[in-house]
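Just below is one structure, and these are the notes that go with it.
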Amino acid sequence: MTVSVDLEQLAQRAGRELESAPGDEIVRWAVQTFGTRFAVASAMQDAVLVHLVSQVAPGIDVLFLDTGYHFAETLGTRDAVAATYDVNLITLTPRQTVAEQDAAYGPTLHDRDPDRCCGLRNVAPLDRALQRYDAWATGLRRVEAPTRAGTPVVSYDARRGKVKIAPIAAWSDQDVEDYIASHGILINPLLTAGYRSIGCAPCTRAVGAGEDPRAGRWAGSVKTECGIHR
Ligand code: SF4
């Protein structure tokens, strides 16, 4: 039996057994199972997941994808998280700077071919980083988008051969707000300026009242996800 088959079976069983478990219990299972071969990915929209995990596993690796296109507020949130929580913040970067990518592919690739841009600046750096781990956690939640409605709390990330953990998959928006308020969690200041889902600056706009929170991502395009969750 190969390691990947073991991980797949482990993930499927944990997904069933932990479906109704609280987020911290899911994280505890991940830490006990994978130790230092478990990392957390954060887009720095808020530090809910970072805080939740750091309470269980102080010093844990937190991966942040710096695409080179982030808002200053997002980079500031990353720096504040690194200074505030007991985590090992690791910034991942693409192989090419924005200038090098512009030279290779032409400027504003994000407008002409956002899938390729995300592939180069989001997907590939995360794929490379996750080679060092057996499992990774994400802050995906089911209520965020129809494409995320079926997110398991633990699943097998077959493309990478890793266990993927979504400790707050079942949380509502109110659950997140309550957690932020009760623990004084750091948030990206753009959340209070109408940005309800925050990605790269060229591909993110604020949304109006009553608009889908993710309507501001790749607005005017059929693209809805950066590709790291395929
Ligand atoms: S979100 Fe936009 S700018 Fe960022 S990597 Fe994807 S296409 Fe490029």
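A few notes on this one:
- Taken about its Cα centre, the chain carries a charge dipole of about 600 debye when Lys and Arg each add +1 at the Cβ and Asp and Glu each add -1 at the Cβ.
- Backbone N under 18 Å from the Glu25 label point (7 Å along Cα→Cβ), restricted to segment 138-176: 152-155, 165-172
- Heavy-atom surface analysis with a 1.4 Å probe gives segment 143-205 a carbon and sulfur content of 56 percent of its accessible area.
- Accessible area of the chain divided out per residue, in Å², using a probe of 1.4 angstrom: 47
- Rounded tilt (10° steps) of 23-34 against the dominant C-alpha axis of the chain: 80
- Principal-axis tilt of helix 173-183 within the chain, Cα atoms, nearest 10 degrees: 80
- Rounded to the nearest 0.05, the FRET efficiency derived from the C-beta distance between Arg95 and Arg16 at R0 = 35 Å is 0.35.
- Size descriptors for segment 1-137 (Cα atoms only): Rg and Dmax, in that order, 17.0, 50 Å.
- For the options Ala149, Ala170, Ala103, a Gaussian network treatment of the chain with springs between C-alpha atoms closer than 10 Å singles out Ala103 as fluctuating the most.
- Convex hull volume of the C-alpha atoms in the chain, normalised per residue: 124 Å³.
- Measuring nothing but protein heavy atoms, the accessible surface of segment 73-120 at 1.4 Å probe radius is 49 percent carbon and sulfur.
- Think of each Lys and Arg Cβ as +1 and each Asp and Glu Cβ as -1; about the Cα centre, that makes the dipole of segment 59-140 roughly 160 debye.
- On Cα atoms only, tilt of 3-17 relative to the major axis of the chain in degrees: 80
- Square roots of five times the Cα gyration tensor eigenvalues for segment 59-195, Å: 26, 20, 17
- Rough spin-label spacing in nm, given labels placed 7 Å along Cα→Cβ, for Asp113 and Leu75: 2.7
- Local net charge near Leu65, Cβ-Cβ under 12 Å (Lys/Arg +1, Asp/Glu -1): +1
The values are calculated or read from the model by the stated rules, or taken from the named source; none is laboratory data. Note that this is a predicted model, so its numbers are computed, not measured. All Cβ positions, even for glycine, are placed from backbone atoms using ideal geometry, and neighbour counts span all protein chains on display. Ligands, DNA and RNA are excluded from the accessible area calculation, which covers all protein heavy atoms including side chains. Shrake-Rupley method; radii C 1.70, N 1.55, O 1.52, S 1.80 Å.
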